[in-house]
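Novice: Below you'll find the structure I mean.
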Amino acid sequence: AGKAVVSTQSTGEKTKNSSLTASALRPPPRNKYTSVSLSRPLKMKLRTLVTKLESFAPTNHAESWDNVGLLLESSSSPAVKKVLTTIDLTEPVLEEAKSKQCSMILSYHPPIFSSFKRLTQDNAKSRIIINCVVSGISIYSPHTAWDSRNNGVNDWIVNCLSYKRKLPITPALIDGAPSTSSGMGRIVTLKSPLSLTKACATFKQHLGVSTLRLGHADPLQWVKRHKDSGQDYDVIRTVAVCAGSGGSLLKGVDADLYVTGEMSHHEVLAVIAEGRNVLLSEHTHTERGYLKSVVAELTKHVAEDVEFIVSESDANPIETI
């Protein structure tokens, strides 16, 4: 068995020996002792993944003005194998997603926000959506749902502090009752007071920036605020944070220090005049570092069958020069 068939054999002999030869070359049938690979390709149905993402950060806890959830559903990629996470969905990020064969982009900021009246090649936003449709890439945006969730973006911002009390500034409603762990913004009471200089250094290191902009509290208004406690100027006991743009959410919040990405000129003036300090890091610096930590959470709690990766092309659009 296994030898070549001689051409001088009769037709019957050829058939018989050919059958034997094929039988000898065929691999043996599998039995209980045969090694079988249990590995399978990573993938999950798109709608199943969306349900899990919504459970991870409930979209009903997002701000009412926001546009969160599944923004673009691809009909050509019903199963998701790889997800690219990013703060902003730009054209370089989209090209990265295509090169890495991602079938979903999880964009923190929603690339579809205000309504489209037409989709043309004349502007970047339209081109991105058209390209995603053509490339079979779905888009999901969590935005303020991630801000609100327990262990979300705002919690990440204050994780560099040692605090004894932490509450949302605007609590989310869970079963009709205000939550003590979910909602917009965070306000913390520190275990031990920090100097303003130390607080600035702590946030610079945590946010991964070399500079911050400081709105320094008016000294006379500081004294008025702390007339009962006699708290020294530039000593920080309470910190309120808001990812991104915190001018409206932080307005009037009773804290020694505000930390956010950006405020308008007049909002900063108002904070200073109230005898409070404010640190501004630029918008995405309050959000960008969260992506690295949340990817591990997504893999563990949302979808072990899906690979989540952080974009290498995504970057802060503002440079300090």
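Novice: Convert each backbone phi in the range 135-145 into a coupling constant with the Karplus relation 6.51 cos²θ - 1.76 cosθ + 1.60 (shift: θ = phi - 60°), then list the ³J(HN,Hα) values in order as whole Hz, x for Gly and Pro.
Specialist: 8, x, 10, 7, 10, 10, 10, x, 5, 5, 5
Novice: Quick check on the range 47-185: of the DSSP beta bridges with both residues there, what percent are antiparallel, nearest 5%?
Specialist: Working: 7 of 14 bridges.
Rounded to the nearest five, the antiparallel share is 50 percent.
Novice: Of LYS198/LYS227; LYS52/LYS300; LYS164/LYS204, which ones are farther than 18 Å apart at the Cα? Intermediate results must be reported in sequence, preceding the final value.
Specialist: Working: LYS198/LYS227 24 Å; LYS52/LYS300 12 Å; LYS164/LYS204 22 Å.
Checking Cα-Cα distances, LYS198/LYS227; LYS164/LYS204 exceed 18 Å.
Novice: Could you sort the peptides 60-67, 280-287, 117-124 by per-residue average Cβ neighbour count (10 Å cutoff), highest mean leading? Provide the component values of the computation, followed by the final result.
Specialist: On the way: 60-67: 15.1, 280-287: 22.9, 117-124: 9.4.
Listed from highest to lowest mean packing, they are 280-287, 60-67, 117-124.
Novice: Which whole-number value in Å² is the accessible area per residue of the range 45-139, probe 1.4 Å? Walk me through the numbers before you get to the answer.
Specialist: On the way: 4770 Å² over 95 residues.
For the range 45-139, the solvent-accessible area averages 50 Å² per residue.
Novice: Of the listed values (i) 18.5, 57; (ii) 28.6, 114; (iii) 24.2, 77, grab the one calculated as Rg and Dmax of the Cα atoms in Å from the structure here.
Specialist: Here Rg and Dmax of the Cα atoms in Å agrees with entry (ii).
Novice: What are the residues whose amide H is under 5 Å from the amide H of ALA172, where those residues sit 5 or more places off or on another chain and H is modelled from the backbone?
Specialist: SER179, SER182, GLY183, MET184
Novice: What number, in percent, do you get for the relative contact order of the range 214-321 if the mean sequence gap of Cα pairs under 8 Å and at least 6 apart is divided by its residue count? All intermediate terms of the calculation are to be shown ahead of the outcome.
Specialist: Working: 153 pairs, mean separation 28.8, N = 108.
Here the relative contact order equals 27 percent.
Novice: In terms of Cα to Cα distance under 16 Å, which aspartates and glutamates are near enough to LYS45, apart from those fewer than 8 places away along the same chain?
Specialist: Straight-distance partners of LYS45: GLU54, GLU73, GLU304, ASP305, GLU307.
Novice: Continuing with the same structure: At 0.36 nm per residue, minus the direct Cα-Cα distance, what do LYS224 and THR170 gain on full extension? Give it in nm, one decimal, please.
Specialist: Gain on extension, LYS224 to THR170, equals 16.8 nm.
Novice: Ok, one more. Can you compute the radius of gyration and Dmax for the range 121-173, using only the Cα atoms, both in Å?
Specialist: 17.8, 53
Novice: Right, here's the next one. Determine the relative contact order of the chain: mean sequence separation of Cα pairs under 8 Å and six or more apart, normalised by residue count, in whole percent. List each step's numbers first, then the result.
Specialist: Values: 574 pairs, mean separation 57.2, N = 321.
Relative contact order comes out at 18 percent.
Novice: Compare the peptides 150-161, 182-193 by average per-residue count of other Cβ atoms within 10 angstrom and give them in order, highest first.
Specialist: Going by the mean number of other Cβ atoms within 10 Å, highest first, we get 150-161, 182-193.
Novice: Please state the relative contact order of the range 73-167 as a whole percent: Cα pairs under 8 Å, 6+ residues apart? Intermediate values should be presented prior to the final figure.
Specialist: Details: 109 pairs, mean separation 27.8, N = 95.
This gives 29 percent for the range 73-167.
Novice: Next question. Over the chain, what percent of the accessible surface lies on carbon and sulfur atoms, probe 1.4 Å?
Specialist: Values: 9270 of 17670 Å².
Ligands and nucleic acids excluded, carbon and sulfur reach 52 percent.
Novice: Next question, about the same structure. So what's the back-of-envelope 222 nm ellipticity for the chain, counting only DSSP H runs of four-plus at -39500 (n - 2.57) apiece and dividing by all residues, rounded to 500? Intermediate results must be reported in sequence, preceding the final value.
Specialist: On the way: 11 runs with 100 residues, N = 321.
Counting only the DSSP helices, I get -9000 deg cm²/dmol.
Novice: Sort 128-137, 235-244 by the packing proxy (mean of other Cβ within 10 Å over each peptide's residues), most packed first.
Specialist: On the way: 128-137: 17.5, 235-244: 22.7.
Descending mean neighbour count gives 235-244, 128-137.
The values are calculated or read from the model by the stated rules, or taken from the named source; none is laboratory data. Keep in mind it's a predicted model, so treat the numbers as computed, not measured. Neighbour counts run over all protein chains shown; Cβ positions are idealised from the backbone, glycine included. Areas reflect the complete protein model, heavy atoms only, side chains present, ligands, DNA and RNA absent. Shrake-Rupley method; radii C 1.70, N 1.55, O 1.52, S 1.80 Å.
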